[in-house]
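What follows is a short report on a single structure.
The values are calculated or read from the model by the stated rules, or taken from the named source; none is laboratory data. What you are looking at is a predicted structure, and each value in this text was computed from that prediction instead of being measured. No Cβ is skipped: glycine too gets one built from the backbone with ideal geometry, and neighbour counts run over all protein chains shown. Note: areas computed on protein heavy atoms with side chains; ligands, DNA, RNA excluded. Shrake-Rupley method; radii C 1.70, N 1.55, O 1.52, S 1.80 Å.
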Amino acid sequence: MVGTVPDAAEPGDGPPRGELLLTVDVGTSGARAAVFDLAGRRLLEVRRPYPISTPQPGWAEQDARRWRGEALAALHGVIRSLGPGSRVLAIGLTGQVPSVVGLDVRDEPVGPGLMYRDNRATGEAEAFRARFGDAAIHRRTGHLPAAFHIGPKLLWLRAHRPAEFGRAVRFLQPRDLAALALTGEAATDGSHAAATLLFDLRARRWDDELFAAFDLDPASLPPIRGAWEVVGDLRPALVRRFGLPAGVAVPVVLGGADSQACALGAGVVEPGPVSEMAGSSTCLNAAVAAPLPALAITHYTHVVPGPWCTETGINTTGAAVGWVARLLYGGRGGRPGSADFARLDAEAAGVPAGADRVLALPVLGDGERTDADLRGAITGLSERHGRAVIARAVLEGVAFTIRDQLDLLREAGAPVDELRVSGGDTRLATWNRVKADVVGVPVRRVPGDAATTGVAMLAGLGAGAYRDPAEAIERCVHLEPALDPDPAARDRYAEAFAAWRGLAASISVRRAPTADRREG
């Protein structure tokens, strides 16, 4: 059961007090820390940005020292803002997945962190496919090999940056790096481990045969623990640095991958509803009782005991809308809710469904997760069209991509009866309406950010504040009323969706045939 209480405290409520849960998210555009009460209300958030470097087409790097430094700074910022009488029950962690950095014997980065959207390791991903075959590797790991995964990234580093690779004694993802900095302990969870392509999905452990096949050391990746488990207490030096009472024990709960935590924060722990984490990129997640056979659907362990969590992802969704805002609406890299996004949303609302046959393929990150050669396109333009039509076409293009992913779930046997959307981009009302009409199921907005809410719930589970996930969901998940699809618009979008799929197939040179994508 979910409630409808406000997501955040009203202005003037004062500094947070009482029993509190803190979260740290080492995300794509920056690190952020937040404060939650036990009802799932986000009371305070501090953001610390860091840039993305793209030194070559298809590459995406970040300074891993910034991952760690800005995460600590954001956490310090929220702790400094707590009111008297506050008690931090636990700190939960999440971050972008799968990004990776090697650490030397002093736990210092040996080079830049390679992001999830970095597509340089395509050849190394093909080595996984050639060695095991698509169906076999999918059965073992729940994934099809791609440059997206950490295993191929490690092979690329060994081949092209051997000095860095040789100095690295372990490789960590951004969330794991934060856990190490906070507690001195190295650990990861199944939702992160599954993104390596070196994880036995059904056994929920590292796959020794996969490590051996590529001469990789299993000890270079951290031990696997439950997302709800306490990694350790906040280090005494950080207790002093953050100004917490001397001798206080603050447990740090490992947490999970951002999209799986988002599914928990949206109440998606059983089949039926699907969670959409709508940010710079999009992740779609559903809870399933057993992994599905469709090769295009990836799988992770969920962040709660029991189910698995499917995922399909789109690299540039909010980033594509941000591109339109910057290019055509005078934006300067603002976020949803800023004036440029508000103008874009309002103007797109005035364009009829179908965008006058203008189609957009919103692939602006030099490739997609499953197709490194795919690029963006806008077709059907005329001199009579203005920026509003382009904006509408991009919103619809993302919605078509989401429908394509949800159709995969349906065909594989997973029910899709509701789309629960969360993240900053859900503030674009026109986009929520477009999604409902294109996908054909009710859309329910999860106020705020379900990913950090889910991490706070995991922190509460680790601290014993909630008995089980069901109680955490009942107390913390607050859904807005459903936005039902408009049947008339749905009919108009059917033709446009077919044309959009034809556009995607014509541009891609690597896209597998439909039957191969959808069957194991």
What's the Cα-based Rg to Rh of the stretch 87-243, Rh via Kirkwood? 0.99
Kirkwood-Stokes translational diffusion coefficient of the chain, alpha-carbon pairs, 25 °C, 0.890 mPa s, µm²/s: 107
Rg over Rh [alpha-carbon atoms, Kirkwood Rh] for the stretch 150-220: 0.97
Please say if the stretch 397-520 is rounded, prolate or oblate, where rounded means a/c under 1.5 for a ≥ b ≥ c the square roots of the C-alpha gyration tensor eigenvalues, and otherwise the choice is prolate for a/b larger than b/c and oblate otherwise? prolate
Charge dipole (the stretch 315-409, unit charges on Cβ, about Cα centre) - positive-most of LEU381, VAL324, PHE400: VAL324
Provide the per-residue ³J(HN,Hα) series for the stretch 195-205, in order, calculated from phi with Karplus coefficients 6.51, -1.76, 1.60 and θ = phi - 60°, each as a whole number of Hz, with x at glycine and proline positions. 7, 8, 6, 10, 10, 7, 4, 6, 7, 6, 8
Only Lys, Arg, Asp and Glu count, each charged at its Cβ (+1, +1, -1, -1), so figure out the dipole size of the stretch 188-291 about its Cα centre, rounded to 20 debye. 520
Not counting ligands, DNA or RNA, and with a 1.4 Å probe, what is PHE199's accessible surface area in Å² rounded to the nearest 10? 0
Sequence-distant residues sharing a close amide H with ARG205 (under 5 Å, placed H): ASP200
Rounded to the nearest 20 debye, what is the charge dipole size of the chain about its Cα centre when +1 sits on each Lys and Arg Cβ and -1 on each Asp and Glu Cβ? 940
Once you order the gyration tensor axes a ≥ b ≥ c over the Cα atoms, which shape class does the stretch 141-186 get: rounded for a/c under 1.5, otherwise prolate or oblate by comparing a/b with b/c? oblate
Starting from the stretch 78-140, pick out the trypsin sites (Lys or Arg not before Pro) whose DSSP state is loop and whose Cβ has at most 13 other Cβ atoms within 10 Å. ARG106
Of ALA147, GLY85, PRO57, which is farthest along the charge dipole of the stretch 1-147 in the positive direction, counting Lys and Arg as +1 and Asp and Glu as -1 at C-beta? ALA147
Contour minus Cα-Cα distance for ASP484 and ALA470 (0.36 nm per residue): 2.4 nm
Can you give me the relative contact order of the chain as a percent, contacts being Cα pairs under 8 Å and 6 or more apart? 17
Can you give the helix-only mean residue ellipticity at 222 nm for the chain, where every DSSP H stretch with n ≥ 4 adds -39500 (n - 2.57) and the sum goes over all residues, rounded to the nearest 500 deg cm²/dmol? -11000 deg cm²/dmol
Amide H to amide H under 5 Å from ARG420: which residues, 5+ apart in sequence or cross-chain, H placed 1.01 Å off N in plane? VAL274, SER275, GLU276, ARG444
For the stretch 50-58, in order, what is each residue's ³J(HN,Hα) by Karplus, 6.51 cos²θ - 1.76 cosθ + 1.60 with θ = phi - 60°, in whole Hz (x at glycine and Pro)? 8, x, 10, 9, 10, x, 9, x, x
Apply the Karplus parameterisation 6.51 cos²θ - 1.76 cosθ + 1.60, with θ equal to phi minus 60°, to every residue of the stretch 149-166 and state each ³J(HN,Hα) to the nearest whole Hz, in sequence, with x for glycine and proline. 7, 6, x, x, 4, 5, 5, 5, 4, 4, 7, 10, 9, x, 5, 5, 4, x
Tally Lys and Arg at +1 and Asp and Glu at -1 over the other residues with C-beta under 11 Å from the C-beta of ARG475: what net charge comes out? -1
DSSP-assigned coil residues among trypsin sites (Lys or Arg not before Pro) in the stretch 400-486, each with at most 11 further Cβ atoms within 10 Å: ARG467
Percent carbon-and-sulfur accessible area, the stretch 361-520, ignoring ligands, DNA and RNA, probe 1.4 Å: 48
Which cross-chain or sequence-distant (5 or more) residues have an amide H under 5 Å from the amide H of VAL97, H modelled 1.01 Å from N in plane? ASP258
